[in-house]
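Each remark here refers to the structure printed beneath this line.
The values are calculated or read from the model by the stated rules, or taken from the named source; none is laboratory data. Nothing here was measured: the structure is a model prediction, and the numbers come from that model. Using ideal geometry, Cβ is built from the backbone for each residue, glycine included, and neighbour counts are taken over all protein chains shown.
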Protein chains: 2
Amino acid sequence: MEDVVSVAEKLAKDMKEISVAEFFEKNRHFLGYENPTRSLLTAVKEAVDNALEFTCQANILPKVKVKVKQVGEEKYRICVEDNGPGILPEKVPYAFGKVLYGSAFHKLKQSRSLFGIGIKGACLYAQLTTGKPIKVTTSTGKKIHNFEIMIDVARNEPIVVSHSEEENPSHWHGLKVELEVVGRYVKGEASIQEYLKRTAMVNPFAEIVFDGPEGKEVFKRVIEKLPPQPMEIKPHPYGVQLGVLRRMLSTTKARNLIGFLTKDFSRVGRNSAFKICKLAKIPPSKKPQEIDKDESERLYKAMQMVKLASPPTNCLSPAGEEALIAGLKKEIKADYYVAVTRQPSVYSGFPFQVEVALAYGGQLPPESAVLLRFANRIPLLYHQGDCVITKAVKEVDWRRYGFSQPSNSLPSGPLAILVHFVSVWVPFTSEGKQAIANYPEIFKEVKLALQDAGRKLAKYIRKIRKMKERELRKSIFERYLPFVAEAVGELTDKKAEEILNKLKNMIRGGKIEGSTEKA
Amino acid sequence: MEDVVSVAEKLAKDMKEISVAEFFEKNRHFLGYENPTRSLLTAVKEAVDNALEFTCQANILPKVKVKVKQVGEEKYRICVEDNGPGILPEKVPYAFGKVLYGSAFHKLKQSRSLFGIGIKGACLYAQLTTGKPIKVTTSTGKKIHNFEIMIDVARNEPIVVSHSEEENPSHWHGLKVELEVVGRYVKGEASIQEYLKRTAMVNPFAEIVFDGPEGKEVFKRVIEKLPPQPMEIKPHPYGVQLGVLRRMLSTTKARNLIGFLTKDFSRVGRNSAFKICKLAKIPPSKKPQEIDKDESERLYKAMQMVKLASPPTNCLSPAGEEALIAGLKKEIKADYYVAVTRQPSVYSGFPFQVEVALAYGGQLPPESAVLLRFANRIPLLYHQGDCVITKAVKEVDWRRYGFSQPSNSLPSGPLAILVHFVSVWVPFTSEGKQAIANYPEIFKEVKLALQDAGRKLAKYIRKIRKMKERELRKSIFERYLPFVAEAVGELTDKKAEEILNKLKNMIRGGKIEGSTEKA
């Protein structure tokens, strides 16, 4: 045995702070940078998700240009430009050069960006693999600012490599980011092209131009109106843990407990607030900062006991059935489309809403169904097996709706299943934001939405099958018409040709059963 | 369209730094705190993993006491005590109250702790759910220090709630942590009991005493010797990315490039270093801090081009075949055990090693095999489906070794499959540290180890089957002996009884084929 004290001293000497930038640089696969193919896609995705988010927040119909150009063996230059509000120059270094920095994390609001990691992860990956800074060009309509930003990884602080201004006579506003990364460009399932196509589906109000290694592709805008802005809400008492409650008590601007309860939470009116105070045995006029540990524990319990309305759900902005169908139609050629937007619901105090759209037939491949998962208007391309959406799709009995379905699998058939989850807080299973955690409330809503849409599709499929059967009967009948006409001719002494023509007219006119569609 | 500038200003106002403690508090499911059952297990696990790690690092045979006591509805008090080196008092606040702080992250060394998050995550979860600080009692053999620590979540800084000292006449050294968390205690697959049992298997040199809600259980030490200490290594040039190389250049203590290459990397001798300098067209005497961007890019390329030996692998400390079998034997009653420790190998510049042990028959359930996954001596209980180990087990054709195996599944039969992965850097798929990422090099080694152990087991199974067949033949033979004896007696005019006895003796003595085992 070594001397215990000296071991403890050695251990103490080795203990160091780890910067969050170092952490994610080393564990970049947590963010989606796990191999060259996915890394290239992730970097593009972070930039495009941001472009759409901030353009929409400014109430501007988004136009996003995406360029991906090979500049070396496994090296690509990415450029993403939007027509959004731009970023104030003093914020640019932090927005791109400091991991865990952002506007969405501390809010309860439906947003494409959540963690304050996304685009910084792309910067980290770029400088790690090619050593190049991110180039940022931005303007709010005043001057144009050009930046080159890197991240001081050991301190998680931005480094401004260069900054220059230029005049902006055309009052351009927006943001353009350029990155150079090690990557691999692929086609197919988890490709940039597929990501943009799916993005276009649930953002049909956006125009996306993709200028890639294989030429230009335009995903056109088909809806000329933005969806309503999602709204920020206050936390609901049922969704707040004791530790968070204590923090809220110590930082609130409210002057007394009643004010705290009614102003800092949603769905707590004055009556409920007084009830909570009484249950907790704390005077309603007490200063929040003066509430001690025991009191806060009683307060926490009282907040769970008082009956309150569910959190407001008008804060959510789903795509809507019409837009979903429009989005599907423009990217998938099918025979039939149906969409269902469920009423909002609540998990762990967070409002959420599920939408489903189905496309059937047409040019869809006749084998297994295609599943298209989305969260807050962002397509999820990886970790399908881990996602609550996939679990719900497999749990639905698709045989009821006219499909075959191997056990524990997606249904078979020419079917595209689009599921869109929106919430003020998406419970992703990891920083890579590719799968939604399995909350029973979410599972249930997804399943109900699928069943609802499935029933509607089943009606159509039955109708189609009936029509086909009738067509078949008709064609059989027509094949035998000449013989019938001849026999009738012989019996009635009339010309067979004349009878045949009459019979044909009757079929065409729908006077013989099965000859036309009546449904 | 709103005024663009005012939108940009509003966005800028909302942008804020997010503390990593806030981040993991809100995303606690990333760390394993996703529901009460798993949360209780995770908190215990983090404390026990640390206890074993630091006791072993001090070359002390670990004795770990684990107490879990219910103190309220869904509320448990956890206490974990070890006989390790203790922590210096000045480091205690950071070791428990600052997320991303630790001794292992910046090293390349096989260790149970990696991220500098583990026990801080447990503190975060405790104060979030019960509001209680973590209690820490520690000594290096001098005075005993008692602490109560909380985390200032918004700043990610420790709060010392209380600190006192006491005399330590018995020179006790070690660490005791006490936490109170919301949780749920369960039995079975992913239980604390199962986690400790599996921990005891690959740490057979540790004594673990579990005092749980259902009584006391002792996992005894069966090996009185610690495995060799794993060693820290320098990074290998093939495993270093450009961004990291630049950081190393700017912070190295080496005075010139040759010194940098030979001292800060493993496997770079003077010859290789000169070759690298020549290829990179940089004078070997150049100061590392003076190497510019272009030069560092050339240096990076040159480092990949020069042929170097693989990183040293004597840095690893696997359990070893003998210890694995001893560990399995003490927890699983089977008829046959076999273990295989493969030679070390390398993925992405990181040395790693795979061990497999199989237990067969006895009290093992006859249905599906049980898979026991481990990384750096820690059992992995969740996310089995995502783990490269599981993929490799399913890929092995177990029918060759005498098992049936449904497609894409574990084999069926009374079999326990233990796989232990050790490395200086375990590529976990998430902070929860429950699954290893699918690197082809790792997949291959796991598969080879399984096949090697499988072949050995198959020999045993064949032997057993042969023995059973022989036993059967023997019993049939014995049944007919009296008739044979009588017939022979009649033919030879000797007493049948005498002949029968002789025949029986021959069988017992192994002189008649099939009567004894010869293999």
Could you list, in sequence order, the residues of the range B:133-143 that are surrounded by fewer than 22 Cβ atoms within 10 Å (Cβ to Cβ) and more than 9 Å from every other protein chain (Cβ to nearest Cβ)?
B:LYS135, B:THR137, B:LYS143
Take B:GLN304 and tell me if it is loosely packed, with under 15 Cβ neighbours inside 10 Å, polar (S, T, N, Q) and in contact (Cβ under 8 Å) with a residue 40 or more places away in the chain.
yes
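Each row is one residue, and each column tells you yes or no for (1) farther than 20 Å from A:SER368 by Cα; (2) out of contact with any helix residue (DSSP H, G or I) (no Cβ under 7 Å at 6 or more places or on another chain).
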{"residue": "A:PHE403", "(1), (2)": "no, yes"}
{"residue": "A:SER430", "(1), (2)": "yes, no"}
{"residue": "A:ALA435", "(1), (2)": "yes, no"}
{"residue": "A:ASN438", "(1), (2)": "yes, no"}
{"residue": "A:MET467", "(1), (2)": "yes, yes"}
{"residue": "A:PRO482", "(1), (2)": "yes, no"}
{"residue": "A:GLU490", "(1), (2)": "yes, yes"}
Assigned by TED's automatic domain parsing to the domain that holds A:PRO93 and modelled with pLDDT under 95: is that true of A:ALA126 in this structure?
no
Given the conditions (1) modelled with pLDDT of 95 or more; (2) in contact with a Ser or Thr (Cβ under 7 Å, 6 or more places away or on another chain); (3) within 14 Å of another protein chain (Cβ to nearest Cβ), every one holds for B:THR390 apart from (2)
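Kindly check whether there is at least one residue in the range A:44-57 that is within 20 Å of A:LYS216 (Cβ to Cβ) and among the small types (Gly, Ala, Ser).
First, the residues of the range A:44-57 that are within 20 Å of A:LYS216 (Cβ to Cβ): A:44-45, A:47-48, A:51-52.
If we keep only those that are among the small types (Gly, Ala, Ser) too, we end up with A:47, A:51.
Yes, that holds for at least one residue.
Taking the condition under 30 Å from A:PRO228 (Cα atoms) and either buried (at least 23 other Cβ atoms within 10 Å of the Cβ) or among the basic types (Lys, Arg) (or both), does B:LYS26 pass?
Details: under 30 Å from A:PRO228 (Cα atoms): yes; either buried (at least 23 other Cβ atoms within 10 Å of the Cβ) or among the basic types (Lys, Arg) (or both): yes.
Against the criterion (under 30 Å from A:PRO228 (Cα atoms) and either buried (at least 23 other Cβ atoms within 10 Å of the Cβ) or among the basic types (Lys, Arg) (or both)), B:LYS26 qualifies.
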Which residues, counting only those in the range A:298-344, are under 18 Å from the mean Cα position of the chain (by Cα), part of a loop (DSSP other than H, G, I, E, B), closer than 30 Å to A:GLN193 by Cβ and of a type outside the set (Ser, Thr, Tyr)?
A:LEU316, A:PRO318, A:ALA319, A:GLY320
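How many of the residues in the range B:111-132 are over 29 Å from the mean Cα position of the chain (by Cα) and more than 8 Å from every other protein chain (Cβ to nearest Cβ)? I'd like the intermediate steps shown before the answer.
Quick first cut of the range B:111-132, residues over 29 Å from the mean Cα position of the chain (by Cα) only: B:130-132.
Next cut, more than 8 Å from every other protein chain (Cβ to nearest Cβ) only: B:132.
Of the residues in the range B:111-132, 1 are over 29 Å from the mean Cα position of the chain (by Cα) and more than 8 Å from every other protein chain (Cβ to nearest Cβ).
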List every residue pair whose Cβ atoms lie under 7 Å apart, where the two residues are 6 or more positions apart in sequence or sit on different chains, the first residue falls within the range B:160-180 and is in contact (Cβ under 8 Å) with a residue 40 or more places away in the chain, and the second residue, located anywhere, is among the aromatic types (Phe, Trp, Tyr).
B:VAL160/B:PHE147; B:HIS163/B:PHE147
Does A:ARG267 fit the bill of being more than 14 Å from every other protein chain (Cβ to nearest Cβ), under 32 Å from the mean Cα position of the chain (by Cα) and not small (Gly, Ala, Ser)?
yes
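Looking at the range B:8-29, is at least one residue basic (Lys, Arg) and under 35 Å from the mean Cα position of the chain (by Cα)? Give the steps one after another, and end with the answer.
Of the residues in the range B:8-29, the ones basic (Lys, Arg) are B:10, B:13, B:16, B:26, B:28.
Restricting the remaining residues to those that are under 35 Å from the mean Cα position of the chain (by Cα) gives B:26, B:28.
Yes, the range B:8-29 contains a residue that is basic (Lys, Arg) and under 35 Å from the mean Cα position of the chain (by Cα).
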The range B:259-276 - residue that is under 22 Å from B:LEU108 (Cα atoms) and hydrophobic (A, V, I, L, M, F, W, C) and, of those, surrounded by the most Cβ atoms within 10 Å (Cβ to Cβ)
B:LEU261
Residue by residue through the range B:161-186, note down the ones that are under 20 Å from B:LYS26 (Cα atoms), within 12 Å of chain A (Cβ to nearest Cβ) and not in a strand (DSSP E or B).
none
Does the range A:66-85 include one or more residues that are crowded, with 20+ Cβ neighbours inside 10 Å, of a type outside the set (D, E, K, R) and over 23 Å from A:PRO379 (Cα atoms)?
yes
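B:GLY361: in contact with a Pro (Cβ under 6 Å, 6 or more places away or on another chain) and surrounded by fewer than 24 Cβ atoms within 10 Å (Cβ to Cβ), yes or no?
On the way: in contact with a Pro (Cβ under 6 Å, 6 or more places away or on another chain): yes; surrounded by fewer than 24 Cβ atoms within 10 Å (Cβ to Cβ): yes.
Criteria met by B:GLY361.
Based on what the data block shows, is B:GLU224 surrounded by fewer than 18 Cβ atoms within 10 Å (Cβ to Cβ), under 26 Å from B:SER423 (Cβ atoms), out of contact with any Ser or Thr (no Cβ under 9 Å at 6 or more places or on another chain) and within 14 Å of chain A (Cβ to nearest Cβ)? Before you say what the answer is, go through the steps one by one.
On the way: surrounded by fewer than 18 Cβ atoms within 10 Å (Cβ to Cβ): yes; under 26 Å from B:SER423 (Cβ atoms): no; out of contact with any Ser or Thr (no Cβ under 9 Å at 6 or more places or on another chain): yes; within 14 Å of chain A (Cβ to nearest Cβ): yes.
No, not satisfied.
May I ask you to list the residues in the range B:398-412 that are over 25 Å from the mean Cα position of the chain (by Cα) and assigned to a loop (DSSP other than H, G, I, E, B)? Outline the logic, then answer.
Initially, the range B:398-412 is screened for residues over 25 Å from the mean Cα position of the chain (by Cα), giving B:399-407.
If the condition is that a residue be over 25 Å from the mean Cα position of the chain (by Cα) and assigned to a loop (DSSP other than H, G, I, E, B), then B:GLY402, B:PHE403, B:GLN405, B:PRO406, B:SER407 are the ones that fit.
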Looking at (1) within 25 Å of B:PHE105 (Cα to Cα); (2) surrounded by fewer than 17 Cβ atoms within 10 Å (Cβ to Cβ); (3) more than 27 Å from the chain's Cα centre (by Cα); (4) within 14 Å of chain A (Cβ to nearest Cβ), which is the one condition that is false for B:PRO158?
(2)
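Just give me the residues in the range A:235-247 being more than 14 Å from every other protein chain (Cβ to nearest Cβ) and either in contact with a helix residue (DSSP H, G or I) (Cβ under 6 Å, 6 or more places away or on another chain) or within 30 Å of A:ILE325 (Cβ to Cβ) (or both), in sequence order. I'd like the intermediate steps shown before the answer.
As a first pass, look at the range A:235-247 and keep what is more than 14 Å from every other protein chain (Cβ to nearest Cβ): A:236-238.
Across the range A:235-247, the qualifying residue is only A:PRO237.
Somewhere in the range B:79-90, is a residue farther than 14 Å from A:LYS10 by Cα and acidic (Asp, Glu)?
Restricting attention to the range B:79-90, the residues satisfying the condition of being farther than 14 Å from A:LYS10 by Cα are B:79-83.
If we keep only those that are acidic (Asp, Glu) as well, we get B:81-82.
Yes, because at least one residue in the range B:79-90 is farther than 14 Å from A:LYS10 by Cα and acidic (Asp, Glu).
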Looking at the range A:45-60, can you tell me whether even one residue there is more than 10 Å from every other protein chain (Cβ to nearest Cβ), among the acidic types (Asp, Glu) and farther than 23 Å from A:PRO204 by Cα?
no
Could you grab the pairs with beta carbons closer than 8 Å, sequence gap of 6+ or different chains, first residue in the range B:1-29 and free of Cβ contacts under 8 Å to residues at least 24 places away in the same chain and facing chain A (nearest Cβ under 7 Å), second one of a type in the set (D, E, K, R) and surrounded by 22 or more Cβ atoms within 10 Å (Cβ to Cβ)?
B:GLU17/A:LYS98
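Quick one: is A:PRO427 modelled with pLDDT under 95, on the phi < 0 side of the Ramachandran plot, surrounded by fewer than 23 Cβ atoms within 10 Å (Cβ to Cβ) and over 18 Å from the mean Cα position of the chain (by Cα)? Don't jump to the end; show me each part of the working.
Details: modelled with pLDDT under 95: yes; on the phi < 0 side of the Ramachandran plot: yes; surrounded by fewer than 23 Cβ atoms within 10 Å (Cβ to Cβ): yes; over 18 Å from the mean Cα position of the chain (by Cα): no.
Answer is no for this residue.
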Pick out the one residue from A:ILE389, A:ILE332 that is β-branched (Val, Ile, Thr), in contact with a Phe, Trp or Tyr (Cβ under 8 Å, 6 or more places away or on another chain) and in contact (Cβ under 8 Å) with a residue 24 or more places away in the chain.
A:ILE389
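Does A:GLU469 satisfy the condition of being among the charged types (D, E, K, R) and more than 24 Å from the chain's Cα centre (by Cα)?
Working: among the charged types (D, E, K, R): yes; more than 24 Å from the chain's Cα centre (by Cα): yes.
Taking the combined requirement at face value, the residue satisfies it.
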Does at least one position in the range A:146-153 carry a residue that is surrounded by 23 or more Cβ atoms within 10 Å (Cβ to Cβ) and either out of contact with any strand residue (DSSP E or B) (no Cβ under 7 Å at 6 or more places or on another chain) or not assigned by TED's automatic domain parsing to the domain that holds A:PHE54 (or both)?
yes
